[in-house]
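What follows is one structure encoded as structure tokens, with my remarks underneath.
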Amino acid sequence: MNIDIENMTSCNGNKVANQFVISTGDGVRVFRSYTSNIARIDADGNVILDSKYWDYSATTSKYRNLFLGNDTATCRRLIKSGVYKLDDLNNRELDHEELDHENTLDRLNKVDLGDLCVHCGNSTAFGSGRFVNRYPVFGLKRGHGIEYTGYCCYECELAFESERGDF
Ligand SMILES: [Zn+2]
């Protein structure tokens, strides 16, 4: 099964930490807050909320409302009328393992090198002699799908420019 995890996006377009939408590829979407599954919509639009965590905190409610496209009062009304079902969305060990595995892979695939040059691996910190003219590099892909974040030092930049024949 092809699992896709995306951060929720706030109304000003920024990615929100710890609030995720998980798509399982069969039309099922799950809203996950921190490590808990909060709400699940299947391909037919049927909604199941986690009986314990659906209204856990103001943050949970805010992003649950964004996920479901309504407000907390409407959500309560739909639970009462039986349109939204309450169930335990956090007790399926196998799913947890799969999701944690995906999260771990995602973390492992992003390497933050800090002050190091993403090309030569030398420090570009202040006083290293490579601080001047360094520039930040985000998510440089270099084999095995790993994305490196760090800096490009001036020496490596010069090497690239001469390769391109800009001199
Ligand atoms: Zn370098």
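At a glance:
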| quantity | calculated |
| --- | --- |
| Selection count, region 129-141, where residues are assigned to a loop (DSSP other than H, G, I, E, B) and either within 29 Å of the chain's Cα centre (by Cα) or surrounded by 12 or more Cβ atoms within 10 Å (Cβ to Cβ) (or both) | 5 |
| Unique residue being modelled with pLDDT of 90 or more and in the same structural domain as Asp87 (by TED's automatic domain parsing) when the list is Ala39, Ala17 | Ala39 |
| Counted residues, region 49-67 - those being over 14 Å from Val16 (Cα atoms) and crowded, with 19+ Cβ neighbours inside 10 Å | 4 |
| Some residue of region 142-154 being within 14 Å of the ligand (Cβ to nearest atom), surrounded by 15 or more Cβ atoms within 10 Å (Cβ to Cβ) and free of Cβ contacts under 8 Å to residues at least 24 places away in the same chain | no |
| Criterion violated by Phe126 - all others in (1) assigned to a loop (DSSP other than H, G, I, E, B); (2) surrounded by 13 or more Cβ atoms within 10 Å (Cβ to Cβ) satisfied | (2) |
| So Asp26, is it more than 16 Å from the ligand (Cβ to nearest atom), of a type in the set (D, E, K, R) and at pLDDT 90 or above | no |
| Residue in region 158-167 that is surrounded by 15 or more Cβ atoms within 10 Å (Cβ to Cβ) and within 14 Å of the ligand (Cβ to nearest atom) present | no |
| Leading residue by the ranking (nearest to the chain's Cα centre (by Cα)) among those in region 47-75 that are at pLDDT below 95 and of a type in the set (Lys, Arg) | Lys62 |
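The values are calculated or read from the model by the stated rules, or taken from the named source; none is laboratory data. What you see is a predicted model; the values in this text were computed from it and never measured. Ideal geometry is used to build each Cβ from the backbone, glycine not excepted, and the neighbour counts take in all protein chains shown.
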